[in-house]
Amino acid sequence: MSEATASKDNGTEPMIEIQQLNKWYGDFHVLRDIDLTVKRGERIVICGPSGSGKSTLIRCINHLEAHQQGDILVGGVHMTQDIKRIEQIRRQVGMVFQHFNLFPHLTVLENCCLAQVWVQRQPRREAEKSAMKYLERVQIADQAKKYPGQLSGGQQQRVAIARALCMRPEVMLFDEPTSALDPEMIKEVLDVMVELAHEGMTMLCVTHEMGFAKTVADRVIFMDQGQIIEQAPPETFFNNPQSERTQLFLSQIL
Ligand code: ADP
Ligand code: MG
């Protein structure tokens, strides 16, 4: 993963720029005037009550959801409806979901090779080599021949992270990656995420793991009802939250 670190830094251009983003689901105004700039190498934790728009926000960044107003730029590429632009952006962005989203009928190794071969047009042998490298990084190479259903949740999530890393993303989006896991498996996934953070990966993590936020986040963002209510470095955020809504939320989860 070391090649995914600061060496890719090619200037001061922000990794992600979101300006006045607004989105509706039908009549429902789900994201309201979101402004967010993420620098290369920055680690952001997004928290907030269920239904506040956290998933929708990060899904807009790789166009898993379309927005109606505002601008999103990823690595300087302006998101439009143009499929070429969308693909250009998606190549830079890795995503890890709450429910892993591995292909159940493919082995761990095949899960990690599929997009390398069919999207990146890499020779299968090369794809397998880098898949094994990333599976080793998340300490699961010994399970490469198994199917997802034969693994624990924590193992599946580590495979999902390896699969995303195989695409050499510039930024990783995590949507509650530990929420579906039994408590004893949360740490093994967080450990991998902490390691990625220390290697300089740009990360946006929706999570309620406040220990993780305190350890690695440069900034914690609190969302409620489709808006960014408050953002601050973890120490300020946890010790001195400004908004009443943030205080209430923290009192409920800490
Ligand atoms: P969070 O991740 O913070 O829990 P979401 O972004 O998933 O919030 O959802 C924000 C709001 O948008 C919720 O009220 C949810 O019910 C609604 N929502 C999410 N996805 C859709 C959809 N595809 N169609 C309509 N409403 C949706
Ligand atoms: Mg969500």
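Take K145 and decide whether it is part of a loop (DSSP other than H, G, I, E, B), surrounded by fewer than 19 Cβ atoms within 10 Å (Cβ to Cβ) and away from ligand 2 (no atom under 16 Å from the Cβ).
It is true that K145 is part of a loop (DSSP other than H, G, I, E, B), surrounded by fewer than 19 Cβ atoms within 10 Å (Cβ to Cβ) and away from ligand 2 (no atom under 16 Å from the Cβ).
Among what's in the stretch 63-95 and is away from ligand 1 (no atom under 14 Å from the Cβ) and touching a residue at least 60 places away in the same chain (Cβ under 8 Å), pick the residue that is farthest from M172 (Cα to Cα).
Within the stretch 63-95, the match that is farthest from M172 (Cα to Cα) is G76.
Test E209 against the stated conditions and say whether it is acidic (D, E), surrounded by fewer than 19 Cβ atoms within 10 Å (Cβ to Cβ) and touching a helix residue (DSSP H, G or I) at 6+ places or on another chain (Cβ under 9 Å).
No: the conditions fail for E209.
Just checking, does the stretch 229-246 include any residue being in contact (Cβ under 8 Å) with a residue 40 or more places away in the chain and over 21 Å from T178 (Cα atoms)?
yes
What are the residues in the stretch 196-206 that are in contact (Cβ under 8 Å) with a residue 60 or more places away in the chain and open to solvent by 10 Å² or more (accessible area, probe 1.4 Å), if any?
Across the stretch 196-206, the qualifying residues are E199, G200.
Quick grid of which residues meet (1) more than 16 Å from ligand 2 (Cβ to nearest atom); (2) modelled with pLDDT of 95 or more; (3) of a type outside the set (G, A, S); (4) within 13 Å of the chain's Cα centre (by Cα):
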residue: A6; (1), (2), (3), (4): yes, no, no, no
residue: Q19; (1), (2), (3), (4): yes, yes, yes, no
residue: V38; (1), (2), (3), (4): yes, yes, yes, yes
residue: S50; (1), (2), (3), (4): no, yes, no, no
residue: G53; (1), (2), (3), (4): no, yes, no, no
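The values are calculated or read from the model by the stated rules, or taken from the named source; none is laboratory data. On a predicted model such as this, the values are computed, not experimentally measured, just so you know. Reconstructed Cβ throughout: ideal geometry from the backbone, glycine too, with neighbour counts over all protein chains shown. Quick note on the areas: whole protein, heavy atoms, side chains included, nothing else; ligands and nucleic acids left out. Shrake-Rupley method; radii C 1.70, N 1.55, O 1.52, S 1.80 Å.
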